[in-house]
Amino acid sequence: MISPPPTTHRTEAAAVLDLLTVPQVMARLQLGRSAVYDLLRTGQLASITLGCAHRIPTHALTDFIRTRLDQEAA
């Protein structure tokens, strides 16, 4: 008998699956490609690399925006 796969919470599954491409981040931040790659290169925006493609978790984009808002408010 095969047991069902373990269940995960929706938030855990969403965090794993919600990856953005560079063009998607460009659109959300309304920045150019070079600016987004500069953020990735300098570590200001976290990403994972799959082969030669960068993927940005949505939580990393949210963290980046919150950090920038906090810096500007200070």
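One line per residue, one yes/no per condition, for (1) under 13 Å from the mean Cα position of the chain (by Cα); (2) surrounded by 12 or more Cβ atoms within 10 Å (Cβ to Cβ):
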{"residue": "26", "(1), (2)": "yes, yes"}
{"residue": "35", "(1), (2)": "no, yes"}
{"residue": "38", "(1), (2)": "no, yes"}
{"residue": "43", "(1), (2)": "yes, no"}
{"residue": "50", "(1), (2)": "no, no"}
{"residue": "56", "(1), (2)": "yes, yes"}
{"residue": "61", "(1), (2)": "yes, yes"}
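Condition check ((1) of a type outside the set (Ser, Thr, Tyr); (2) at pLDDT below 95; (3) out of contact with any Leu (no Cβ under 8 Å at 6 or more places or on another chain); (4) not in a helix (DSSP H, G or I)) across all residues:
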position: 6; (1), (2), (3), (4): yes, yes, yes, yes
position: 11; (1), (2), (3), (4): no, yes, yes, no
position: 15; (1), (2), (3), (4): yes, yes, yes, no
position: 23; (1), (2), (3), (4): yes, no, yes, no
position: 27; (1), (2), (3), (4): yes, no, yes, no
position: 40; (1), (2), (3), (4): yes, no, yes, no
position: 63; (1), (2), (3), (4): yes, no, yes, no
position: 67; (1), (2), (3), (4): no, no, yes, no
position: 71; (1), (2), (3), (4): yes, yes, yes, no
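Applying the selection to the range 42-61, what residues are part of a strand (DSSP E or B), more than 13 Å from residue 26 (Cα to Cα) and of a type outside the set (S, T, N, Q)?
The answer is 48, 50, 53, 57.
The values are calculated or read from the model by the stated rules, or taken from the named source; none is laboratory data. On a predicted model such as this, the values are computed, not experimentally measured, just so you know. Counting neighbours? That spans all protein chains shown, and the Cβs are built from the backbone with ideal geometry, glycine included.
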